[in-house]
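Taking it in order: structure first as structure tokens, then the write-up.
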Amino acid sequence: MSAEDLSIWVVYERPRDYPTSYVVRRHAISQGGSYGMGDLSVHATLDEARAAIPSWTVRLERDPNDEPQILESWI
């Protein structure tokens, strides 16, 4: 991932791979249109998960078409 990628942090509640936790995954979209996953952090509470997201980001409401485990996204 480069500095030019657009990063989106997605907060999951009890995803299949971490069924007892909150997970933050950073997704990156490059200028060329490629999409990839980056960082991952696992947390016991939603507040801890939110604290792992950069403070300069803006919260986006979940889309009705999102997977049910997705709580919110930050860009």
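The values are calculated or read from the model by the stated rules, or taken from the named source; none is laboratory data. These figures come from a predicted structure and were not determined experimentally. Virtual Cβ from ideal backbone geometry, glycine too; neighbours counted across all protein chains shown.
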Could you list all residues from segment 23-70 that are closer than 11 Å to Val10 by Cβ and either of a type in the set (Ser, Thr, Tyr) or touching a residue at least 60 places away in the same chain (Cβ under 8 Å) (or both)? Ile70
Ser73: surrounded by 11 or more Cβ atoms within 10 Å (Cβ to Cβ), small (Gly, Ala, Ser), touching a residue at least 40 places away in the same chain (Cβ under 8 Å) and in a strand (DSSP E or B), yes or no? yes
Give the residue that is surrounded by the most Cβ atoms within 10 Å (Cβ to Cβ), with candidates limited to residues of segment 40-57 that are assigned to a loop (DSSP other than H, G, I, E, B) and within 12 Å of the chain's Cα centre (by Cα). Ile53
Could you count how many residues in segment 16-39 are within 22 Å of Leu6 (Cα to Cα) and either surrounded by 13 or more Cβ atoms within 10 Å (Cβ to Cβ) or of a type in the set (Gly, Ala, Ser) (or both)? 14
The number of residues in segment 1-39 that are hydroxyl-bearing (Ser, Thr, Tyr), under 13 Å from the mean Cα position of the chain (by Cα) and at pLDDT 95 or above is 2
